[in-house]
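Written out below as structure tokens is the structure these notes cover.
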Amino acid sequence: MSALEIDIEGIGFWAPGWPDWERARAGLRGEAEADPQAPVKPSPTLLTAAERRRAPQPVALACEIATQACAASGREPSTLPSVFASALGDLLITDYMCTTLASAPRELSPIRFHNSVHNAPAGYWTIAAQCHAPSTSISSWHASFAATLFEAAVEAIADDTAVLLVVYDTETTGPLVKVAPCSLQFGTALVVSPRANGKCSLRLRMNAASEDSGAQIEMPDAFASLAAGNPMAAGSLPLLAALAAGKPTRLQLPAGARSLLQVDVDA
């Protein structure tokens with residue numbers, strides 16, 4: 001297949017100690033440490049104070065990084081089609097629902113059930129941003145980041161428009177820890193557009209899996225720990241590290257059982 005060429009117009013980032021892309025980029029370069037005074041959880045200004053208090057972790061995280069990416073790109077959030085993704089979904093709510101159904105099913109909270117659906121973060125975002133553009137929510141286990149990047153690139157080029165990409169995962173609790181371990185919150189967002197404006201560009205090509213894994217990206221220990229503790233961090237940090245380094249790089253990101261997404265970074 002022909003390569004898909006896209007520009008990155010803006011980046012959002014949130015992880016414990018790394019509340020935005022500027023600090024994370026410096027950290028990936030080895031020029032900064034995690035901020036011990038950073039908020040322990042995201043608090044997106046796009047949501048009202050009441051919504052911020054009630055919002056599940058994935059909603060708050062997704063809205064925070066999406067807001068950052070839109071601001072960095074200079075794009076109006078209400079105009080952007082979007083692709084949201086989580087490898088695991090909201091496992092805190094899943095654990096709550098399973099426990100409640102097993103012990104006291106009549107006590108199940110309708111609001112928490114409502115928030116359990118996979119596209120809840122996308123729904124909160126489009127309502128808060130007053131966005132009527134199309135939105136897609138996907139999951140592809142540990143290949144979720146590559147699948148989302150590819151989906152956003154296809155949509156951007158097919159419709160000749162900028163697209164907001166938002167990926168995130170939050171902590172696991174209860175018995176689910178054994179099957180879907182995730183020990184910390186992590187999320188990143190990109191605004192991508194068809195290649196035209198000369199900003200940092202990517203060329204994407206879906207390939208069959210092979211022994212050629214592309215460049216092995218070295219990261220500071222703090223970011224290696226993020227990758228070990230969160231599947232979405234593991235999927236996205238190699239690309240973010242390449243972008244932070246600011247030099248041409250070829251990556252091969254897992255995109256499925258027998259597929260790799262080849263990503264050429266023109267920094």
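The values are calculated or read from the model by the stated rules, or taken from the named source; none is laboratory data. None of the values given here were measured: they were computed from a predicted structure. Neighbour counts run over all protein chains shown; Cβ positions are idealised from the backbone, glycine included.
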Quick one: how many residues across region 141-192 are in a strand (DSSP E or B) and either of a type in the set (Phe, Trp, Tyr) or surrounded by fewer than 24 Cβ atoms within 10 Å (Cβ to Cβ) (or both)? 3
Taking region 28-82 and keeping only residues that are buried (at least 24 other Cβ atoms within 10 Å of the Cβ) and polar (S, T, N, Q), one is left with 68, 73, 82
Within region 94-129, of all residues that are in contact with a Pro (Cβ under 6 Å, 6 or more places away or on another chain) and at pLDDT 90 or above, the one nearest to residue 62 (Cα to Cα) is 121
Taking region 85-112 as the region of interest, how many residues are loosely packed, with under 14 Cβ neighbours inside 10 Å and aromatic (Phe, Trp, Tyr)? 0
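Test residue 106 against the criterion of being charged (D, E, K, R) and in contact with an Asp or Glu (Cβ under 9 Å, 6 or more places away or on another chain), and give yes or no. Spell out the reasoning first.
Working: charged (D, E, K, R): yes; in contact with an Asp or Glu (Cβ under 9 Å, 6 or more places away or on another chain): no.
For residue 106, the condition - charged (D, E, K, R) and in contact with an Asp or Glu (Cβ under 9 Å, 6 or more places away or on another chain) - is not met.
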Going through 261, 239, 226 one at a time, which residue ends up being in a strand (DSSP E or B) and touching a strand residue (DSSP E or B) at 6+ places or on another chain (Cβ under 7 Å)? 261
Please determine whether any residue of region 116-135 is part of a helix (DSSP H, G or I), surrounded by fewer than 21 Cβ atoms within 10 Å (Cβ to Cβ), of a type in the set (Val, Ile, Thr) and free of Cβ contacts under 8 Å to residues at least 40 places away in the same chain. yes
Quick count over region 137-180, residues being in contact (Cβ under 8 Å) with a residue 12 or more places away in the chain and more than 14 Å from the chain's Cα centre (by Cα), is 16
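Considering each residue of region 69-86, count those that are part of a strand (DSSP E or B) and of a type in the set (S, T, N, Q), and give that number.
From region 69-86, those part of a strand (DSSP E or B) are 82-85; that's our starting set.
So of that shortlist, the ones also of a type in the set (S, T, N, Q) come out as 82.
Of the residues in that region, 1 qualify.
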Those residues that are farther than 13 Å from residue 170 by Cβ and modelled with pLDDT under 95, I need them from region 54-91; list them, please. 54
What pairs come out if I take residues in region 190-201 that are under 23 Å from residue 237 (Cβ atoms) and pair them with residues that are surrounded by fewer than 23 Cβ atoms within 10 Å (Cβ to Cβ) and modelled with pLDDT under 75 whose C-beta lies under 6 Å away, six or more apart or interchain? 200/267
Per-region count, region 238-254, residues of a type in the set (Gly, Ala, Ser), buried (at least 22 other Cβ atoms within 10 Å of the Cβ) and out of contact with any Ser or Thr (no Cβ under 8 Å at 6 or more places or on another chain): 2
Are any residues in region 13-44 assigned to a loop (DSSP other than H, G, I, E, B) and charged (D, E, K, R), and if so, which ones? 20, 29, 31, 33, 35, 41
Identify, by number, the condition in (1) in a helix (DSSP H, G or I); (2) touching a Lys or Arg at 6+ places or on another chain (Cβ under 8 Å); (3) among the β-branched types (Val, Ile, Thr) that residue 6 doesn't meet. (1)
